[in-house]
1. Please determine whether any residue of the stretch 106-113 is closer than 27 Å to residue 9 by Cβ, modelled with pLDDT of 95 or more and either outside any helix (DSSP H, G or I) or among the acidic types (Asp, Glu) (or both).
2. Out of (1) touching a residue at least 12 places away in the same chain (Cβ under 8 Å); (2) over 20 Å from residue 267 (Cα atoms); (3) part of a loop (DSSP other than H, G, I, E, B), what's the single condition that is false for residue 30?
3. For the subset of the stretch 126-154 comprising residues that are touching a Ser or Thr at 6+ places or on another chain (Cβ under 8 Å) and open to solvent by less than 10 Å² (accessible area, probe 1.4 Å), which member is farthest from residue 10 (Cα to Cα)?
4. Within the stretch 251-273, which residues are assigned to a helix (DSSP H, G or I), open to solvent by less than 30 Å² (accessible area, probe 1.4 Å) and within 26 Å of residue 230 (Cβ to Cβ)?
5. Please specify each residue of the stretch 64-82 satisfying the condition of being in contact with a Ser or Thr (Cβ under 9 Å, 6 or more places away or on another chain) and either of a type in the set (Ser, Thr, Tyr) or outside any loop (DSSP other than H, G, I, E, B) (or both).
Amino acid sequence: MTRRLRLIADDYGLASGVSAAILELLELGRLTGTSCMTGFPEWHDEAVRIKPLAGRAAIGLHLTLTDQAAVTGLSSLAPEGRLPPLVSLALPVRRGRIDDGDVHAELDAQRGRFVEALGREPDFIDGHQHVHFLPVVRRWLRKRFAKEAGMPALRGSPSWPGSIATALKITAVGALAAGFDRSMERAGFTVMRPLTGLYDWRQPDGFASVLRSAIETLPENGLFMCHPGHVDETLRGRDPMQSAREVEFAYLASDDFGASLERAGAVVMGGQG
């Protein structure tokens, strides 16, 4: 029996080199879909490029609340117009300075740009730096989508065993995600779990082994996240994850990846799941 692997690339729209690499992998059938960052000036152009793939590829919304310009401008979330670091959202002692309404307004704006450009709601929702696990975002998800027809699927928490090298990262993300899967399923969402693909991207040579392990062991309800891309000047100015994106792209496009799928009797899942 053929096993199906759900493979989602994060960060479509972050930079033209990232978007181009993701589109290439989608055309090659090496990805199930991608989640989109809609807050950048180039978003509408990038949306035009991916829109023809709707239906063939799963196209999601990558909620962004950290380290980039805020779509909504100045607010308690972004006092100088720039979204805060994750620690300001995750630690209660610092989180109290940020009004929930400002967070929800930013998420509404990002969702609105997605719908305006693509003419449809996202197939799924996840978060840059896993911000969709935050309590304030959980409340937004339930308020905006719960019990609606055509609710987007959600990326679930990491519970798949990892190596010692990735254990600390998995534990940190797991702590942020505590209770998420069950509470969102009770609200009526489909939760794609377990999440895997976590590794130390500062050591990008580890990517291939993490993906090969997922090919062998990840259940069909699970999700492997990745960050392929081509480095360009825009990316250098926006995100510290750079060389690892080239490494991930090269492996995902490689014959070696195809051979690993074939040996495992696995295929990359299509956008319809």
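1. Yes, the stretch 106-113 contains a residue that is closer than 27 Å to residue 9 by Cβ, modelled with pLDDT of 95 or more and either outside any helix (DSSP H, G or I) or among the acidic types (Asp, Glu) (or both).
2. Only one criterion is unmet by residue 30, namely (2).
3. To start, the set of residues in the stretch 126-154 that are touching a Ser or Thr at 6+ places or on another chain (Cβ under 8 Å) comprises 126-129, 131, 133, 138, 151, 153-154.
Then keep just the ones that are open to solvent by less than 10 Å² (accessible area, probe 1.4 Å); that gives 126-127, 131, 133, 154.
Details: 126: 9, 127: 9, 131: 13, 133: 16, 154: 14 Å.
Among them, the one singled out is 133.
4. We begin by selecting, within the stretch 251-273, every residue assigned to a helix (DSSP H, G or I); these are 251-252, 255-264.
From the residues that got through so far, the ones that are open to solvent by less than 30 Å² (accessible area, probe 1.4 Å) too are 251-252, 257-258, 260-261, 264.
If the condition is that a residue be assigned to a helix (DSSP H, G or I), open to solvent by less than 30 Å² (accessible area, probe 1.4 Å) and within 26 Å of residue 230 (Cβ to Cβ), then 251, 252, 257, 258, 260, 261 are the ones that fit.
5. Matches in the stretch 64-82: 64, 66.
The values are calculated or read from the model by the stated rules, or taken from the named source; none is laboratory data. Keep in mind the model is a prediction, meaning the values are calculated, not measured. Neighbour counts are summed over all protein chains in view; Cβ atoms, including those assigned to glycine, are modelled from backbone coordinates with ideal geometry. SASA here: full protein model, heavy atoms, side chains in, ligands and nucleic acids out. Shrake-Rupley method; radii C 1.70, N 1.55, O 1.52, S 1.80 Å.
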